[in-house]
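Asks: Have a look at this one.
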Amino acid sequence: QVQLVESGGGLVQAGGSLRLSCAASGRTFSTYNMAWFRQAPGKEREFVAHIPWTGGKTYYADSVKDRFTASRDNAKNSVYLQMNSLKPEDTAVYYCAARSRYSTNTGYRYDYWGQGTQVTVSS
């Protein structure tokens, strides 16, 4: 069982920056693929970034590419999402997700989810 706790959300003006953090419990964090998703009011949850457990290439949604940077620190059991040049359309609840390297889930299906943190970008 893995518990995920996001933090760092808040209110920011357009063009500003925020850094989200996600702290994970458990001793095998380094074997988990991690991801960030977001859900805006009235919309479906959408993929933001995927950080593989191997430390390989991080994948981003086209809508955030070149503005957002996802990273992980296995020593701290944490993942981060640095968000720059924020736009009002980035307003959403941001979720951290984890999937074991041994999981049968694939694609956008993950094993564990955090409770989310609200990001609001004002124009």
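Asks: Any chance you could count how many residues in region 10-50 are under 17 Å from residue 85 (Cβ atoms) and in contact (Cβ under 8 Å) with a residue 40 or more places away in the chain? Spell out the reasoning first.
Replies: Residues of region 10-50 that are under 17 Å from residue 85 (Cβ atoms), as a first pass: 10-20, 36, 38, 48-49.
If we keep only those that are in contact (Cβ under 8 Å) with a residue 40 or more places away in the chain as well, we get 10-20, 36, 38, 48.
So the answer is 14.
Asks: I need a count of the residues in region 71-84 that are hydrophobic (A, V, I, L, M, F, W, C) and either open to solvent by 10 Å² or more (accessible area, probe 1.4 Å) or farther than 15 Å from residue 97 by Cα (or both). Before you say what the answer is, go through the steps one by one.
Replies: First, the residues of region 71-84 that are hydrophobic (A, V, I, L, M, F, W, C): 75, 79, 81, 83.
Now restrict to residues that are either open to solvent by 10 Å² or more (accessible area, probe 1.4 Å) or farther than 15 Å from residue 97 by Cα (or both): 75, 83.
Count: 2.
Asks: Suppose we keep only residues that are under 14 Å from the mean Cα position of the chain (by Cα) and free of Cβ contacts under 8 Å to residues at least 24 places away in the same chain within region 51-61. Which one would you say is most open to solvent (accessible area, probe 1.4 Å)?
Replies: 59
Asks: Now for a separate question. Inspect all residues belonging to region 1-13 and state whether any of them is aliphatic (A, V, I, L, M), open to solvent by less than 20 Å² (accessible area, probe 1.4 Å), over 28 Å from residue 121 (Cα atoms) and not in a strand (DSSP E or B).
Replies: Looking through region 1-13, at least one residue is aliphatic (A, V, I, L, M), open to solvent by less than 20 Å² (accessible area, probe 1.4 Å), over 28 Å from residue 121 (Cα atoms) and not in a strand (DSSP E or B).
Asks: Which residue, of 72, 109, 67, is under 21 Å from residue 10 (Cβ atoms) and among the basic types (Lys, Arg)? Can you show your working first?
Replies: Numbers: 72 fails: under 21 Å from residue 10 (Cβ atoms); 109 fails: under 21 Å from residue 10 (Cβ atoms).
None of the others qualify; the one that does is 67.
Asks: Suppose we filter 27, 38 for residues that are at pLDDT below 95 and among the charged types (D, E, K, R); which single one remains?
Replies: Only one candidate qualifies: 27.
Asks: Looking at region 26-50 only, could you name the residues that are in a loop (DSSP other than H, G, I, E, B) and either within 11 Å of the chain's Cα centre (by Cα) or loosely packed, with under 13 Cβ neighbours inside 10 Å (or both)? Show your work before the answer.
Replies: Residues of region 26-50 that are in a loop (DSSP other than H, G, I, E, B), as a first pass: 26-28, 40-45.
Answer for region 26-50, where residues must be in a loop (DSSP other than H, G, I, E, B) and either within 11 Å of the chain's Cα centre (by Cα) or loosely packed, with under 13 Cβ neighbours inside 10 Å (or both): 27, 41, 42, 43, 44.
Asks: Regarding residue 64, is this residue aliphatic (A, V, I, L, M), at pLDDT below 95, part of a loop (DSSP other than H, G, I, E, B) and open to solvent by less than 60 Å² (accessible area, probe 1.4 Å)?
Replies: No.
The values are calculated or read from the model by the stated rules, or taken from the named source; none is laboratory data. Remember, it's a predicted structure, so these values are computed and weren't measured experimentally. All Cβ positions, glycine included, derive from the backbone under ideal geometry; neighbour counts span all protein chains shown. Please note that ligands, DNA and RNA were not included when accessible areas were found on the heavy atoms of the full protein model with its side chains. Shrake-Rupley method; radii C 1.70, N 1.55, O 1.52, S 1.80 Å.
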